[in-house]
Structure formats: C-alpha cells, structure tokens
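Let me begin by presenting the structure, written as structure tokens, before commenting on it.
The values are calculated or read from the model by the stated rules, or taken from the named source; none is laboratory data. Keep in mind that what you see is a predicted model, and the values were worked out from it rather than measured. All Cβ positions, glycine included, derive from the backbone under ideal geometry; neighbour counts span all protein chains shown. The area values use the complete protein model at the heavy-atom level, side chains included, leaving out ligands, DNA and RNA. Shrake-Rupley method; radii C 1.70, N 1.55, O 1.52, S 1.80 Å.
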Amino acid sequence: MDSNKQQQIKATILKRIEEGAAHSVFFIGDFTNLGSAETVRKALKEASDMGLVEHIAHGIYAKPMISRFGKVPVPLEAVAMEIAARDNVQILPTGLTAANILGVSTQIPLTVSFITTGSSRVINVGNRKIGFRHAAPRNFNYEGPTIPLIVQAFRELTEQNIRAQEISAVSKYLDKAPDKSILAKDILNAPMWIQNIIKPLIKKYEK
C-alpha cells in the first residue's frame, strides 16, 4: 500500500475518533473496511500516542473523558455493551456486578461479570477484568432489563440474605425502572422465591 493511501486511512480514522463522543469505544474491526488490520492498528497506535484514544484492551480503544478532576475511566459496563453489540450477542450483568447496579451491594468487583449468549471469556482492562460466561437462553427470556437484573443479583445474594435493606434498595430501583409496564409479565419468568419478594413491590405499577 502506498503512503498516500495510508495517510488517507489514518486521516479517516482520526476524523471518526475526533467526531466521537467521550468514552466512545473503537475496535480495530470498525475500520478494516478502510484497509488491512495492520494498517488500522498503526493508525490507532498513532492516535493513542497523540492522546486521542487510549488502548484499553487487546484490539480495543476508548476516547478519553476529561473532567475538572482529571481523566474519567471508561465504564467497563459500557465496554461490555459495545463488545456485545460487535459480536451480536446478548449480555446481562450477573453476580456482584448486578447487585452493585441494583444498589443491594456497595462492593466494587474487580471483575465486571456478565452472562452471555456468546462464548465464555475474560478481557483484561488495566487492573480490572470483564468476564463473560455463556448461559442458557432461558436466562434471557425477559422483555425488559429490570427483572433479569434483579434475578441475577438475588441469585448472587441467595434467598436467606435478602432482608429489609435489600428489599428497600430494590424498591427504589424499581421506582426509576424504564420498563414498569412489563414488570408484572417479566416477573413470571423468575424463580418462585424471587416472585414472592418482588410481586408485592411491583403491584403499584399494575394498571
């Protein structure tokens, strides 16, 4: 490939990065329609050297966000969602990740965990990790995002550890849920012990 073509590819990649919002995630495969993977990798390396993107994992780059307090790390949940979109698979937060999002746990796990319809793997992002574990399709048999999140969080905590504090946190989360209209339908797919806890909480959303 001649140098003019390489410069054109580099300019196109830099332009796309510059137009992207802070914390935009880029994969080498996003640009391979422009040229070879090696050419794209070199262009992204230059963009990284210029401070336009950060190399956060193998083949994955993110546009930094700068606040008045300094650099804001890209949320690993956002990276996971971008990976899922690229691979055309479903993912769902699980374990302590789900519990943390739901507000029933304040622990920040070093590994952000998801179940997926894709393959199991672990992606290293600095000193943290994104873990994907293949799960049966029945785990994704929900129309909305809220009930499956509760199911995954409660399974992590186990039934005997669901107390008034955890129920209160879930109730507050439900008040902000974007899928209130289908909670009553989705809860029917949850284990019975979770149904028994959640049904009284969602009764007020039923029409």
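If a residue counts only when it is in contact with a strand residue (DSSP E or B) (Cβ under 8 Å, 6 or more places away or on another chain) and modelled with pLDDT under 95, which strands (runs of 3 or more DSSP E) contained entirely in region 90-176 have at least 1 such residues?
It comes to 111-116, 121-125, 128-134.
Filter region 41-64 down to the residues that are touching a Lys or Arg at 6+ places or on another chain (Cβ under 7 Å) and not in a loop (DSSP other than H, G, I, E, B), then identify the one that is least open to solvent (accessible area, probe 1.4 Å).
Selected residue: Ala43.
Please work out which one of (1) open to solvent by less than 30 Å² (accessible area, probe 1.4 Å); (2) in contact (Cβ under 8 Å) with a residue 40 or more places away in the chain is the condition Ala78 fails and give its number.
Of the numbered conditions (1) open to solvent by less than 30 Å² (accessible area, probe 1.4 Å); (2) in contact (Cβ under 8 Å) with a residue 40 or more places away in the chain, the odd one out for Ala78 is (1).
Go through region 111-128 and count every residue that is more than 22 Å from Pro148 (Cα to Cα) and touching a residue at least 24 places away in the same chain (Cβ under 8 Å).
Qualifying residue count for the region: 5.
From Leu183, Leu188, which residue is more than 30 Å from Pro73 (Cβ to Cβ), open to solvent by 60 Å² or more (accessible area, probe 1.4 Å), part of a helix (DSSP H, G or I) and touching a helix residue (DSSP H, G or I) at 6+ places or on another chain (Cβ under 8 Å)?
When all the criteria are applied, what remains is Leu188.
Considering each residue of region 1-40, count those that are open to solvent by 30 Å² or more (accessible area, probe 1.4 Å), of a type outside the set (D, E, K, R) and assigned to a helix (DSSP H, G or I), and give that number.
Here the count works out to 9.
When you scan region 190-202, do you find a residue that is touching a Gly at 6+ places or on another chain (Cβ under 8 Å) and among the β-branched types (Val, Ile, Thr), even just one?
No, region 190-202 contains no residue that is touching a Gly at 6+ places or on another chain (Cβ under 8 Å) and among the β-branched types (Val, Ile, Thr).
Can you give me the number of residues within region 92-110 that are within 18 Å of Val151 (Cβ to Cβ) and open to solvent by 30 Å² or more (accessible area, probe 1.4 Å)?
Residues meeting the conditions: 4.
Here's a check for you: in region 121-162, which residue that is farther than 18 Å from Leu96 by Cβ and of a type in the set (Gly, Ala, Ser) is least open to solvent (accessible area, probe 1.4 Å)?
This residue is Gly144.
Name the residues in region 191-207 that are under 17 Å from Gln152 (Cβ atoms) and outside any helix (DSSP H, G or I), would you?
Correct list: Pro191 only.
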